[in-house]
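Shown next, in structure tokens, is the structure this report addresses.
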Amino acid sequence: MPHRSLLDSIFARIGKLHAGSVARRFFKAVGRARAVQEELRAALVARAAETAFGRDRHFARIRSYADFHANIPVLNYMDFAPYIDRVRRGETTALIPAGERVLMFALTSGTTAQPKYIPITQGVLAECRRGWNIWGLKAILDHPPSLLRHILQVTSSMHDHTAPSGVPCGAITGLLAATQKKLVRRYYTSPAAVAGIEDPTAKYYTIMRLAVARDVSWAVTASPATLLLLAKTGDEHKRQLIRDIHDGTLREDIEVPREIRESLRPRLAADAAAARRLDAIASRSGVLYPKDYWRLDFLAHWTGGTMGLYRSQFPRYYGSPPVRDIGLIASEGRMSIPVADETASGILAVTSHFFEFIPESAYGGRQPAVLRMHELREGETYFVLLTNASGLYRYDIGDRVRVTGWVGEAPLIEFLSRDAHTSSMTGEKLTEDQVVGAMKDVFGEVDPIAEFVLAPRFGELPWYRLYLETADATRRPGLAEKFDLALCRVNPEYDSKRKSLRLGPVEVVPLRDGTLAERDRRLRVQRSRTSEQFKHQYLLASPGADRDLESRALHGKKDEPVNG
């Protein structure tokens with residue numbers, strides 16, 4: 001544990017005052033969000049008027065929102081890809097104003113195999129940090145004992161590979177960690193170098209080796225599944241962990257690059273007292289869980305959409321500390337800032353990006369209706385469009401959100417799902433959050449099935465196949481019928497297609513226990529550039545995407561390619 005010096009306390013006070021000033025400016029902006037959004041839109045257009053994209057879209061002619069709407073259609077990543085490729089080759093003014101340096105390209109963490117590259121400039125980084133400052137200040141003020149105590153955080157490397165221009169490509173979390181204020185870095189349990197460990201097992205073990213003996217106050221990851229993996233790693237390897245803590249070592253049989261291992265040595269001091277305390281816990285209970293060795297003030301991770309299914313597993317490992325959602329965040333930017341515990345809703349990040357929204361019912365049309373923030377209605381569902389300083393204009397990010405209320409002039413939004421997590425063979429438009437909701441409907445919040453995959457199956461009569469492990473299948477009789485009825489309740493179109501015999505009933509297919517965990521592990525390895533943001537996919541989007549699961553269920557093969 002680092003010594004909490006008087007100097008630390010002074011710097012913490014200064015940092016708190018600065019963050020407080022940033023937060024006050026944000027909440028003042030929330031009170032006049034409509035004007036703030038219009039000012040931001042105008043500024044983002046003006047700054048890029050001389051870029052290649054700005055000239056191609058006649059930015060110099062844009063004076064009003066009507067001009068903006070008329071000159072720039074709704075766009076996706078493929079529309080920007082030619083400009084981004086030029087930026088990656090060093091021609092930054094294809095998309096970024098002259099004089100602005102690209103620090104890195106943030107890689108998306110979605111379900112596609114090919115990454116998308118988002119240019120990150122100093123201004124974009126500063127805006128990202130401001131969003132985290134507002135979020136973090138409010139979380140710490142709501143949990144005062146967490147100040148000047150250790151923070152467990154998981155990041156990925158910003159150096160996955162290099163663009164042709166020599167600029168690094170990777171996870172923006174790595175850049176944020178590497179450029180964080182020195183005082184804050186002192187309280188991280190893991191240094192930025194740990195992000196460079198590629199093997200997931202080695203990475204999680206190293207994180208826990210550095211964290212288990214510390215006074216951890218709160219833990220933050222994108223996916224709650226990562227926190228569960230860390231807790232399970234600590235218990236599974238408890239005897240080796242205790243030995244390493246006692247001896248001041250890091251086990252040699254895990255794949256940690258030599259230079260990273262050497263850089264960690266100053267943090268691996270022997271701690272016999274901590275080892276004795278942990279050994280007593282493990283000997284008494286037979287397990288070593290975070291709830292027994294950390295005094296957690298809160299946990300921070302995504303809670304919206306499918307993430308809620310993991311909540312039932314947390315008390316076993318972490319007890320019941322409050323949870324603060326980290327907000328709707330992607331490589332393209334932060335879209336919401338939660339300011340309260342136990343809710344997935346957050347205030348629209350009105351100072352970060354210019355936002356537009358497509359009503360769910362119009363999404364996918366050739367010329368869908370597009371609304372601005374002030375035209376939204378509470379309780380309705382929308383898809384988000386972003387305009388931001390990374391050079392993206394009217395960008396369809398594919399995130400589906402629900403408006404849950406208002407703070408000042410800004411809406412509260414709750415993430416529901418990615419558009420990629422939608423399946424529709426006969427027009428049922430089944431979404432991943434509906435699938436998760438149906439599973440909760442069947443079993444409630446107390447004992448849901450936390451890991452399963454629903455896959456569309458195409459035939460003369462299309463149907464859905466529910467893959468789950470034997471332990472879950474055998475102890476829940478009648479699951480197929482119950483789940484099918486639950487899908488009918490949450491999705492009227494699914495209900496209509498079932499009643500009209502255009503969709504067949506759900507089929508349950510058991511898998512050997514451990515199959516889904518192994519599948520997710522391999523997917524994490526494939527997407528190692530942003531592994532901390534990995535989400536288990538409950539709904540596959542297209543027929544045939546379950547080939548690897550089908551082979552395991554029927555033939556027990558172990559090395560089929562994974563289809564996300």
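Return yes or no: is PRO411 in the same structural domain as ARG32 (by TED's automatic domain parsing), in contact with an Asp or Glu (Cβ under 9 Å, 6 or more places away or on another chain) and not hydroxyl-bearing (Ser, Thr, Tyr)?
yes
Suppose we keep only residues that are part of a loop (DSSP other than H, G, I, E, B) and among the hydrophobic types (A, V, I, L, M, F, W, C) within the range 533-550. Which one would you say is modelled with the highest pLDDT?
The qualifying residue modelled with the highest pLDDT is LEU540.
Against the definition (in contact with a Gly (Cβ under 6 Å, 6 or more places away or on another chain) and of a type outside the set (Lys, Arg)), how does SER146 come out, yes or no?
So SER146 does not fit the description; no.
Given (1) assigned to a strand (DSSP E or B); (2) modelled with pLDDT of 85 or more; (3) small (Gly, Ala, Ser), identify the lone condition not met by SER417.
(2)
Would the range 152-166 turn up any residue that is among the small types (Gly, Ala, Ser), surrounded by fewer than 20 Cβ atoms within 10 Å (Cβ to Cβ) and modelled with pLDDT under 90?
No, the conditions are met nowhere in the range 152-166.
Inspect all residues belonging to the range 359-380 and state whether any of them is within 20 Å of the chain's Cα centre (by Cα) and either without any contact (Cβ under 8 Å) to a residue 40 or more places away in the chain or assigned to a strand (DSSP E or B) (or both).
no
Quick test of your reading of the structure: GLN180 fulfils all but one of (1) under 22 Å from LEU210 (Cβ atoms); (2) at pLDDT 90 or above. Name the failing condition by number.
(2)
Quick test of your reading of the structure: ALA450 fulfils all but one of (1) more than 21 Å from the chain's Cα centre (by Cα); (2) surrounded by fewer than 23 Cβ atoms within 10 Å (Cβ to Cβ); (3) assigned by TED's automatic domain parsing to the domain that holds LYS482. Name the failing condition by number.
All conditions are met except number (1).
With respect to THR303, determine if the residue is surrounded by fewer than 18 Cβ atoms within 10 Å (Cβ to Cβ) and not aliphatic (A, V, I, L, M).
The answer is no for THR303.
Got a number for residues in the range 45-57 being touching a residue at least 24 places away in the same chain (Cβ under 8 Å), out of contact with any Phe, Trp or Tyr (no Cβ under 6 Å at 6 or more places or on another chain) and in a helix (DSSP H, G or I)?
Of the residues in the range 45-57, 2 are touching a residue at least 24 places away in the same chain (Cβ under 8 Å), out of contact with any Phe, Trp or Tyr (no Cβ under 6 Å at 6 or more places or on another chain) and in a helix (DSSP H, G or I).
Which one of the conditions (1) surrounded by fewer than 19 Cβ atoms within 10 Å (Cβ to Cβ); (2) out of contact with any strand residue (DSSP E or B) (no Cβ under 7 Å at 6 or more places or on another chain) does LYS138 fail to meet, given that it meets all the rest?
With (1) surrounded by fewer than 19 Cβ atoms within 10 Å (Cβ to Cβ); (2) out of contact with any strand residue (DSSP E or B) (no Cβ under 7 Å at 6 or more places or on another chain) applied to LYS138, the lone miss is (1).
Filter the range 444-495 down to residues that are more than 19 Å from ASP433 (Cα to Cα) and of a type in the set (Gly, Ala, Ser) and give me whichever is modelled with the highest pLDDT.
Among those that are more than 19 Å from ASP433 (Cα to Cα) and of a type in the set (Gly, Ala, Ser), it is GLY478.
Would you point out which residue out of ASP79, ASP56, ASP67 is loosely packed, with under 15 Cβ neighbours inside 10 Å, closer than 22 Å to ILE397 by Cβ and not polar (S, T, N, Q)?
Result: ASP56 is the single residue among ASP79, ASP56, ASP67 that is loosely packed, with under 15 Cβ neighbours inside 10 Å, closer than 22 Å to ILE397 by Cβ and not polar (S, T, N, Q).
If you take the residues in the range 492-522 that are outside any helix (DSSP H, G or I) and of a type in the set (A, V, I, L, M), which one is farthest from MET425 (Cα to Cα)?
So the residue we want is LEU511.
Listed residues SER190, SER156; which is outside the structural domain of TRP302 (by TED's automatic domain parsing) and hydroxyl-bearing (Ser, Thr, Tyr)?
SER156
Could you list all residues from the range 317-347 that are among the charged types (D, E, K, R) and touching a helix residue (DSSP H, G or I) at 6+ places or on another chain (Cβ under 8 Å)?
Answer for the range 317-347, where residues must be among the charged types (D, E, K, R) and touching a helix residue (DSSP H, G or I) at 6+ places or on another chain (Cβ under 8 Å): ARG324, ARG334, ASP341.
Scan GLY346, GLY327, GLY333, GLY364 and give me the residue that is at pLDDT below 95 and surrounded by 24 or more Cβ atoms within 10 Å (Cβ to Cβ).
The unique qualifying residue is GLY333.
Hey, TRP132 hits all of (1) under 29 Å from TYR204 (Cβ atoms); (2) touching a strand residue (DSSP E or B) at 6+ places or on another chain (Cβ under 7 Å) but one; which does it fall short on?
(2)
In the range 133-157, which residues are part of a loop (DSSP other than H, G, I, E, B) and either over 28 Å from ARG209 (Cβ atoms) or over 16 Å from the mean Cα position of the chain (by Cα) (or both)?
HIS143, LEU147, LEU148, ARG149
Just for the range 458-498: of the residues that are among the hydroxyl-bearing types (Ser, Thr, Tyr) and farther than 18 Å from VAL509 by Cα, which one is surrounded by the fewest Cβ atoms within 10 Å (Cβ to Cβ)?
Among them, the one singled out is SER496.
Could you count how many residues in the range 385-409 are more than 14 Å from ALA330 (Cα to Cα), in contact with a Lys or Arg (Cβ under 9 Å, 6 or more places away or on another chain) and part of a strand (DSSP E or B)?
Matching residues across the range 385-409 total 1.
Of the residues ALA98, ALA106, which single one is part of a loop (DSSP other than H, G, I, E, B) and either touching a Gly at 6+ places or on another chain (Cβ under 8 Å) or among the aliphatic types (A, V, I, L, M) (or both)?
None of the other options fit; the residue is ALA98.
Quickly run through the range 237-259 and pick out the residues that are surrounded by fewer than 18 Cβ atoms within 10 Å (Cβ to Cβ), part of a helix (DSSP H, G or I) and out of contact with any Lys or Arg (no Cβ under 7 Å at 6 or more places or on another chain).
Matches in the range 237-259: ARG239, ARG243, ASP247, ARG258, GLU259.
If the requirement is being touching a residue at least 12 places away in the same chain (Cβ under 8 Å), under 24 Å from LEU147 (Cβ atoms) and small (Gly, Ala, Ser), which of these qualifies: ALA213, ALA193, ALA225?
ALA213
Enumerate the pairs (first residue in the range 387-410 and surrounded by 20 or more Cβ atoms within 10 Å (Cβ to Cβ); second residue anywhere and part of a loop (DSSP other than H, G, I, E, B) and among the basic types (Lys, Arg)) with beta-carbon separation below 9 Å, excluding pairs fewer than 6 apart on the same chain, so at least 6 apart or on different chains.
THR387/ARG394; TYR393/ARG57; VAL403/ARG377
The values are calculated or read from the model by the stated rules, or taken from the named source; none is laboratory data. It should be emphasised that the depicted structure is a prediction, and the values quoted were computed from it without experimental measurement. A quick note on method: Cβ atoms are made from the backbone with ideal geometry, for glycine too, and the neighbour counts reach across all protein chains shown.
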